[in-house]
Structures are given as C-alpha cells and as structure tokens.
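Worksheet for the structure shown next.
Just so you know, all these numbers are worked out from the coordinates, no wet-lab data involved. Keep in mind the model is a prediction, meaning the values are calculated, not measured. Reconstructed Cβ throughout: ideal geometry from the backbone, glycine too, with neighbour counts over all protein chains shown.
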Amino acid sequence: MKKFNIRKVLDGLTAASSSSSAAAAASPQSGNRENDMIQETLQSEHFQLCKTVRHGFPYQPSSMAFDPVQKILAIGTQSGALRLFGRAGVECYCQHESGSAVIQLEFLVNEGALVSALADDSIHLWNLRQKLPAILHSLKFNRERITFCHLPFQSKWLYVGTERGNIHIVNVESFTLSGYVIMWNKAIELSSKTHPGPVVHISDNPMDEGKLLIGFECGIVVLWDLKSKKADCRYNYDEAIHSVAWHHEGKQFVCSHSDGTLTTWNIRAPAKPAQIITPHGKQPKDGKKPEPCKPILKVEYKTTRAGDPFMILCGGLSYDTVGRRACLTVMHGKSTAVLEMDYPIVDFFTLCETPYPNDFQEPYAVVVLLEKDLVVIDLAQIGYPIFENPYPLSIHESPVTCCEYFADCPAEVIPAIQILSWCPESRVLCVAGVSAHVIVYRFSKQEVTTEVVQLLEVRMQCELNEVESPEGGGEQASAVSTPGTSSSPQTSLPQSHPSTSSNNSSDGLRDNVPCLKVRSSPLKQSPGYQVELLIQLVWVSGEPPQQITSLAVNSAYGLVAFGNGNGLAVVDYLQKTLLLNVSTAELYGSTDPHHRQPHSPRKTRQPSAGEQTSKRNDLRLVLYARDNSFSRSRSSSVTSIDRESREVISSFYFCDSLSKKSETVAVPSLWVGTSLGSMLAIALTVPSTPEQRMQQPVGISFCGPVVRLKGGILRMAQLDASGTLLPHVYESWFEPNAPEEERERPRRRRPTSPPSSQENPDCQYAVVCSEKQAKVVAMPSQNCVYEHNITETSFVLRADVVTMTAGVGIACFCANGHIMTLSLPSLRPLLDVNYLPLTDMRIARTFCFSNQGQALYLTSPTEIQRITYSQETCDNLQEMLGELFTPVETPEAPNRGFFKGLFGGGAQSLDREDLFGEVAAGKASRSLAQHIPGPGGMEGMKGAASGVVGELARARIALDERGQKLGELEERTAAMMGSADSFSKHAHDIMLKYKDKKWYQL
C-alpha cells in the first residue's frame, strides 16, 4: 500500500480553507459589482516586514567602550543589547541571543571588531566591517565565572580574569584558549592562607608588555612576569580594590579602594604606597587617618606634556552627604572639581589625543555613561562645561505613554506628547492629558508674552450609562438623518460653567471644579509651540471627569473634538466657544440600537482620570491572555465588567463628505466612532470667509449612524470614486504673532470630489476599521460594498489607512502579535506576519503605522524601534545604513628618541605568540570553555555583496592613500639622492685637498 504524509494533506486543506475564507470575507456585497471596475495596484509582493533602526537612549546600560581611531562608541545593556554610535546619524543596534547582561566591552582598535563579555560567562567577537554587525566567534566558559577582560592595544591576545582568581588567555583571531594560564595560588604569596578573591583588574605595563598587573578584590596587586611565569612584586593594602590606572611611563600606578582612598605605588617599592589620599575625606587635625568614605568605583590617570596630570574618578563621597547626586571628580594639580550628575554613573572613560598608552595622553574630554543619559565633559575649558550631544538619545524626561508617527512632517517640528492630534500643515497641536484637559497649541517663530491663558471649562455628564448591546450588533444599522435636531446646540445642551469659588454643591459634593489650577500671571512663551487655549472638564455632582479617550483637530474648520465615556464635545478654538456637548445616546436620536438604563452618578463612583489610564486596553489584553479569544464570556466576573462599561467615543475624523443620503455636494462633516462599533456623522456649517468665520457661529446638525461593525471603531478614512485616498482638509501655517497688516492667511484646502452621475450616484467611499472588522461604505447611499473580518480569535490594537508607493491600504497590529495589511477598496489580505508576541503593554499603547511602509513602537521606556513593512525599503536597507567602519591609518607610534633607542629605556615589546601559542604553551583543557562559531562569516559576505558602493569608496580611498604614499616616497628618494650627490662631491673635494700632504702637515 502506498504511504502518504498526512501532515502535508492537512496543511494543504488548511491553506485552501484559509484562502477561500479570506477571499469570501473580502468579496464585495451582492448588488455592487460595479465597484469591481476600480483598478488596484497594491499587491502582496509590495510588502515585507523587517526592523530598520532603533532610536533613543539604551535602556539599562551596563558597560561602554570606545575606539579612539575609528571614533566608534559602543554601549551594552543589562538585556544583552548592543548599541553602536559613529558619526551623528550613524548608529546600529545588535542583540545577543542569550539576553544576558553585557559586563564589559573591548574594541580591537582600528580593526573593525569588538569583543563583548556577558554575565553568562560567554565572550563574543563582533565583526563591524559590515553594515549589520554579526558575531564571528563565541566562547562559553563552563567552570569559571568571568569578572574582567583586557585586550592590549594592537594585540590579538585577550586576557580573561575569573571569579576564582585565575587568568586565561584567548586568541582573538581563532577564538581559542591558550594553554598559558596564570593561577591565583602562583600569583599571590605562598604564605597567604586566604583566597585573594576575583580578578578585578588586568593591564600590561605601558613600557614593558612582558609585565602584567593583576588586581584582586581583597586588595592585593601582583606584577606578573609573563616570560618567567612568576610574580616580580606584590603590593598589599587593607581595603578592597575597585580599579587600577597606570602612569604612562610605567613606573607608577594608582589604585582606588572601597574606603574612598587612592593609593599611588612605585613599582620598585612594593613595601608601602608612595602616597595615600582621600579626595573627599575630612582631614583630622591630629594627623589621624581620615574618616572612611564611599568606594571609588573607578579612577583614570592621564598625563600632559605641558602641565599637571589629570586624575578622574567617580564615587568616593563622604557618607554624611546623604541624598547627594552622583558625582564625577576631576583632580588637576591643586584644584579639585566635583561635577554633579543627574543620574547614577554607570561608567566613564577619558578621550585622549593618542591611542598609545606609553605616551603623554593629553586628555581633552571625559565621556560619562549615566543610567539615563550620556554626557561629554570638556576638560580644556575652565569649569569643565558639557559638550552638546549630537545624538538625540533622550526621548523625553517623563515616561512616554503614547506615540504618533509622522513620516513626512516639516523638518523643524518634532512633537512628542501623550495623547495628541496634530495637523502638520497648519502645525496646530492638541494634547489631551490624564487630568481630563485639552491644550491647543499653535506654532510661532516669535517670542510672546500671554497676559491671560484662555480657559474654557466644560461640564460633561451622562444619565444613561449602562448599555446592553443587542444580538447581531455587527449588522448594518439604518442611517436615518435627523434634520429636526437643533443646529445651535448651545441653546438646549449643557453649557460650559465658569469656575466657582465654592468647591461643594448644596449636598456637600464637589461640583464644577476642574482637576488642575491654571496660573493667572502672565506667561512668557518662547518660539515654538505656544498655548492658544486650555479646555478643562470639571467635576459633576461629586464625580471626577472621565479621561478623554479620543481627540481630533482640524485647522480648516478651526474645531477641536474630544470624547469620553460620557459623550463628546466640539470646541471652536478660533472663537474660544463650546459648540457641542452631548451624550452618545443623543447622537443616535430615534435610531439608538442599544438598551440604556438610567444611572445615578452618586450610586456608583466613576474611576478618577488617573485610574482610567488605558483601562480598556489593559482589560482586553487580560481577557485575551486568559483565553485566546475575545468572545464575550458569560461568567459573572466578566459580565459584571461589561455592565460597568459604557459606550465610549473611540475615534474622530474631520472631512468634506456626503454624510446624508440626499446630499449631492460634499459638506464639512465630523465622523464619530464608538467603542460599540457605531460610526455616526455630524454635518457642520462653516462660514466661508475669514471675516464671517470669526463673527458667525458654526452650525451643527446630526445625521445619525452610517454603519455598524463588530468591536470598537479604531480608524476612519475617505476615498474618492477612483479609490484614491482623499487628503484631510487643512489650513496652511501662518505666523500667528505677526502684525495684522503683514499676516496673509492662506485659504483652506478642500479635497475635490468628482460629481456624481445618474448611473452611479456614489462618488465617495468611507473606510471604517474596528477591532474585528473593516468595511468600505459607498457614500451617499451608505451601502456596504466591501467587508472583511480581520480576526476572530484576537482583536486589533492599532489600525491606520496608509499610503504606499503602489497604492493605498489598511495596516493593522493585533493583540496576538500579527501585523496585517489589506488593500483598498477591496480589502484583500496582502500581508499577515506573526511579528512579536505581545508581552509588554508598552508596545500595545505605542504601536503606530505611517505612510511609505513605516511603523514604530516603544520597545523600552527609553527606546523607539522603527520597522518597515515595505518590500522596497527592505531591499534597499543595506544601502540606507551607514558605514560603521571606514579605512583610517593608525597614528604613528611615539618617537623613542635617539638615546632611548641606543641605550634602552623605551617601550619593551613582547612576542606573545612565542609565549601563548600552541607550540610553547600547549592546548587548553577542552572542558574549560566551548567554542561556538557565529553566523558572522555569511553575514559578512551578504554585507559585502550588498554594499558595493561602500567597497568602491573604500578602494578609492585606499588607492588615493597608496598614491600619496608613493609620491612621498619618491620625494624622499629624490632628496636622499641629492644628499648623496652632495656628500660625494664634498668627499671628493676633501680628498683632492689633502691628497699630496704628509701626515705631519695635516
């Protein structure tokens, strides 16, 4: 009997079933085949998902290193991330697979390579000669914990210190262990009965590479002779050691200790320190030992040719300085400067003029890595000022809670707010805060002093709270216009109330009180975003205002709309008046599909604004994590939560649309989306001229519901008859603080809609996307022409209508981590990728899409991850990335001088290959560490194949350098030939002069 693979059969059935169901879900509704005439150019091959770049400060940094020749800065984090920074605008993100903390980084200076040591006792070699760095080799230690690493300048042998006090040596080229091992019991005195502790420092003598300085935690420092394999000297101190720094002449070194002292040792006098100082200790008058201070965690000793050396350290403050911020101390000659930092210091290093440790260092700056910042201090200026940071590392001082991505915004405008609505063309910015307030900003290039901030207080309340959605809520609701509704809602709807001096109503409850107090003094506003209007919701009958859940601004109409669980409000920010303040039920009129029950706010306390932050998304994610489905559970706990929820205004969209079935000309409109899946329309009557706009009120009339979907409405947009996305209406920016005679207010831009014909009266399409579905509705007939069920087992967290090079589509990010795209208007699925599991609420709150295949989210409290879903961008990503490594000549070694070269005294070199090679030292134990080859070789080939332009540029630079060197060599050769001719001529003249003379005549 012929065998067959049942798994392949099932896979084929699953694929066929899913494709047929997707096609059926996106198929047009019956009776609307005329819409098939729209030609769509967006196809599935236009999409591909990949990460592009990461912005922001590295989250929880743990280590730092710097290549002084290539000028590359590397920062490691506690989560195993690696951030590389070159010139301004050139940065790279890498990640260790284990996710262990990076404890130390070491550059192979000017070699395009980096060694990273992790807390899981592994070391890795990174190749930086490609645009996307990759690991070439890894070495995992099995029996010993790594505590310190040291890679000498221009050496291929890496010293690795361990917790047991031993030092192993690794060949960086092959990433194999040498048989040469420095054991702790041979390094310390044989008479010592205690273990010296972990290795905390390793460095070679700047003037003698054969001498290795080893620092143990207990306070013992050993000068080890690599050739003779024994200790030359041992230096003992009672306090634990944290770091060691050499003087460039190799005759002295400085140790920092746990009691806040610095000890200076002469290498030929191990008996006692040459000097002991406590930089921040109080010196007793009786000559006793100073009081102990906090540990000095690191010290660096840098020399100069023309003046006193610099001694730079962190820590060491007195214990009585409780609450004082972290400090960096700079000691230069007799002066001591204490520089306070905003955050704790993680690491620091000194920038010097030379990379050679055996020459005068000539320090000019100090790079300080803080927990949440990177600071560069200028050592050449009085007072040690801070350099301006070229990297935009800090996203914001306060925690980021929301992101919006504008791919094509003006270059000089960079907004970052919590809940916002922004018009890039007019630069009008609206911010909704957690204290139930909205601030309207206008952009100005001039400084202005505002005498009184315009304030508008709004009282929003709702007597109909509890909602019971009828079965079959996904069916389309009939759209009935209610022209009888008053177009001047101010006459019949609740009004804004002025602030009262009393905080309590007649029954003792807080009423008409805002959450924030507005300053009454003049406000000086710098150029940039300036406050235009402040809108505050007030307490109602002892209940705090609900948090604002949706916000939209339109500069062409001069209106701001915001909503929450009580209803919505529309404010005219030009006339500073409230136009509309209604509950959600009033929007439906007589067509309300929900059964609402009266609710007294005194019986059940509403959560405060701070308590309601992201409550809805948090609740839904908890339900999703509990059961991989968002179906309504009938358990008592879930149904009680449902009863407490009310219909919340979830989204807005301003547009010129045919909101009523009888309309033939597009009019200004406001589309409203709710959390129960209803899309409603409001028609606006906006005065046509600027003069009338400032004098006459904006008229409002309700058009009722247009369509209903499953789940809350997330996004709405508008297409014309050809399927092209209609841009939003806006007013171009003008200087608001310019004199009236110089101000030229541009006319508002209105997208044009083609006139309707008798054959097809629908000339617009409304695109509506909810947490479950997407629909395309023809306007003004309000017939649903396309429908697609996005997800059944999850729900959509973010949806945006995006513009690609090839067309328009919908991009969705679901709670199960899937990223999907749909075509417009047919809603064909084009992309479905399981991008990442949703394990962090931060991603859910901040994920957003933008045009041209761009998206981003907050991957940590301080970092933004940008991704692309465009195939074109993925194909060109290698060419878009910057070059981390560029060919640069290593500076020449310091001149030893004639007498030092003749009589000795210069730097002593060492052939480490003769000591550490397999021939001399043998092989290391296989059980000590495991070698793991990395994927860097293949990645390097890919990077070289894709970076042809960069390779050609490097080849051109190399040829130019070679030509320059050949030219210099030719010049030197000609000069030497001229000198030889001159010498030959002078020698011949002297020979002729003394040719016929006797010896006694000389």
All lysines inside 26 Å of residue 995 as judged from Cα atoms, apart from same-chain residues fewer than 8 positions distant: 985
Taking θ as phi - 60°, what are the ³J(HN,Hα) couplings along the stretch 532-545 by the Karplus curve (6.51, -1.76, 1.60), each to the nearest whole Hz, with x for Gly and Pro? 9, 7, 10, 10, 10, 8, 10, 5, 10, 6, x, 9, x, x
Virtual spin-label span in nm between residue 88 and residue 264, 7 Å along Cα→Cβ: 3.9
Can you give the FRET efficiency to the nearest 0.05 for residue 996 and residue 970, using r as the Cβ-Cβ distance and R₀ = 60 Å? 0.90
What's the ranking of 730-740, 361-371, 771-781 by average number of surrounding C-beta atoms within 10 Å, highest first? 771-781, 361-371, 730-740
Which of 140/923; 186/288; 289/334; 71/298; 51/445 have a Cα-Cα distance over 25 Å? 186/288; 51/445
Highest mean first, what order results for 558-567, 133-142 on Cβ atoms within 10 Å? 558-567, 133-142
Take the Cβ-Cβ distance between residue 324 and residue 44 as r, set R0 to 56 Å, and report the resulting FRET efficiency rounded to the nearest 0.05. 0.40
Counting only residues 5 or more places away or on other chains, whose amide H sits under 5 Å from the amide H of residue 783 once H atoms are built in the peptide plane? 778
Residues with amide H under 5 Å of residue 419's amide H, sequence separation 5 or more or different chain, H placed in the peptide plane at 1.01 Å from N; which? 432
Within a 10 angstrom radius of the beta carbon, how do 159, 994 rank from fewest other beta carbons to most? 994, 159
Using each residue's phi in the stretch 720-735, evaluate 6.51 cos²θ - 1.76 cosθ + 1.60 at θ = phi - 60° and report the 3J(HN,Hα) Karplus result to the nearest Hz, with x for Gly and Pro. 8, 5, 8, x, 8, 5, 7, x, 6, 7, 7, 10, 5, 6, 9, 6
When the chain is fully extended, how far beyond the present Cα-Cα distance does residue 249 get from residue 876, taking 0.36 nm per residue of separation? 220.7 nm
Sorted by chain and number, the residues with a modelled amide H under 5 Å from that of residue 934, at a separation of 5 or more or across chains, are 137, 138
